[in-house]
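The values are calculated or read from the model by the stated rules, or taken from the named source; none is laboratory data. Every value quoted in this text rests on a predicted model; they were computed, and no experiment measured them. All Cβ positions, even for glycine, are placed from backbone atoms using ideal geometry, and neighbour counts span all protein chains on display.
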Amino acid sequence: MKTLVVGGAGYIGSVVTRLLLADGHEVVVLDNCSTGHADSIPEGVQHIQADITTSSEVLAGAGYDAVLHFAAKSLVGESVLEPSLYWHTNVLGSRALLDAITEHQVPRLVFSSTAAVYGEPETFPITEDSPTKPTSTYGATKLAVDMMITNECAASELAAVSLRYFNVAGAAWGAGERHTTETHLIPIALDAVAGRRDKLDIYGDDWPTPDGTPIRDYVHVEDLARAHVLALTAASPGEHLICNLGNGNGFSVREVIAEVERVTGLEMPTVTGPRRPGDPTRLVASAARAKERLGWEPQLDLGRMVADAWEFSNSPIAQHALHTQTP
Ligand code: UDP
């Protein structure tokens, strides 16, 4: 297929780009590099360095078979402090892309949605039919885009799949996390054991969980990438399919720390502080629908995620990224 990867210079988009190429798809990346890195795009892939709002010019007369849409602001804490930035970038950007897809009759769309649309769920595991009550602006904007896509599919022949990621981790095929402002547990933990930052702050140990720290469902970015390729052909024309992507297993912050210490053989300096605003206690997916509709099952465990992220974090390309403390 001829595919346009919007946000292909980012963490997940750049991994998916590599798998699309390996599977024989043609790939063009549209990314303004506001948070992504141009050198994350594999050599030979055309990179249109422009904003998502130029999508109509990019799609016009180009005969794309599918768009994969990763471009978004994605920091939960920042989204709560700067809602306007998130509504403009995530929702208006996606609106422009959807209009362009409709105008130029691109038949397929795969969208990066998130577990953050569920907020603080009451029942587990979380299915796609669980109530959507986002606790952050980030989650609200992703849910708004999911709703726009549902409406668009109902009114057209667009075949769309929203993939609701749980906690993505690891690295694959030379691409990994290189966020300038890093907020995610595993890359921060790896920097802490490596001495690249002085400590890991544990955001609260008084949560209602067995060891007092929050529980998340971690999924390897390589498994996640496979789901995107499968999603290209999973929906029928006029259908909006929504699938959770997780392992179905929960790990607490302390369990992740123990795994990082085991894999690296290094001791983690930690300081326990207050809870981070907006953090839910527990997020664990049911990925039954992804199995049924995409034929997808995750294969790589937490140990492999940590090992691959560790290897990537020590590579020259990752060392170029400036990891700053969480604001
Ligand atoms: N976390 C932490 N210290 C950090 C970063 C994260 O204790 O420096 C915790 C956070 O409170 C959450 C879990 O680790 O319970 C996963 O956080 P992350 O930011 O990786 O993903 P999120 O679940 O927020 O999308």
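Results, tabulated for the structure shown:
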| read-out | value |
| --- | --- |
| Entirely in segment 82-157, the helices (runs of 4 or more DSSP H) that have 2 or more residues that are among the small types (Gly, Ala, Ser) | 93-103, 137-154 |
| Candidate set: segment 294-307, residues that are in contact with a Gly (Cβ under 9 Å, 6 or more places away or on another chain), part of a helix (DSSP H, G or I) and away from the ligand (no atom under 16 Å from the Cβ); chosen: the one farthest from Val110 (Cα to Cα) | Ala307 |
| Residues located in segment 179-204, provided they are more than 9 Å from the ligand (Cβ to nearest atom) and of a type outside the set (A, V, I, L, M, F, W, C) | His179, Thr180, Thr181, Asp191, Gly195, Arg196, Arg197, Asp198, Lys199 |
| Count - residues of segment 51-77 that are farther than 30 Å from Pro134 by Cβ and in a loop (DSSP other than H, G, I, E, B) | 6 |
| Options Val229, Val221, Val256; residue that is crowded, with 20+ Cβ neighbours inside 10 Å and within 11 Å of the ligand (Cβ to nearest atom) | Val256 |
| Sole residue being modelled with pLDDT of 95 or more, within 17 Å of Glu292 (Cα to Cα), in contact with a Gly (Cβ under 8 Å, 6 or more places away or on another chain) and not polar (S, T, N, Q), chosen from Leu245, Leu241, Leu224, Leu230 | Leu230 |
| Every pair of residues 6+ apart whose Cβ atoms lie under 6 Å, when the first sits in segment 66-94 and is within 14 Å of the ligand (Cβ to nearest atom) while the second is outside any helix (DSSP H, G or I) | Leu75/Thr183; Val76/Ser136; Val76/Gly278; Ser79/Ser136; Val80/Ser136; Val80/Gly278 |
| Residue satisfying condition, being modelled with pLDDT under 95 and either under 19 Å from the mean Cα position of the chain (by Cα) or under 29 Å from Gly248 (Cα atoms) (or both), within set Pro125, Pro121 | Pro121 |
| Which listed residue is surrounded by fewer than 15 Cβ atoms within 10 Å (Cβ to Cβ) and in contact with a strand residue (DSSP E or B) (Cβ under 8 Å, 6 or more places away or on another chain), from Pro214, Pro237, Pro277, Pro298 | Pro237 |
| Enumeration of residues in segment 280-293 that are more than 10 Å from the ligand (Cβ to nearest atom), surrounded by fewer than 20 Cβ atoms within 10 Å (Cβ to Cβ) and outside any loop (DSSP other than H, G, I, E, B) | Ala288, Arg289, Lys291, Glu292, Arg293 |
| Qualifying positions in segment 1-50 - assigned to a helix (DSSP H, G or I), in contact with a Phe, Trp or Tyr (Cβ under 7 Å, 6 or more places away or on another chain) and among the hydrophobic types (A, V, I, L, M, F, W, C) | Ile12, Val15 |
| Residues (farther than 27 Å from Ala225 by Cα and among the hydroxyl-bearing types (Ser, Thr, Tyr)) located in segment 237-280 | Thr270, Thr272 |
| Scope segment 148-172; condition of a type in the set (A, V, I, L, M), more than 16 Å from the ligand (Cβ to nearest atom) and within 27 Å of Pro298 (Cβ to Cβ); matching residues | Ile149, Ala159, Ala160, Val161, Ala172 |
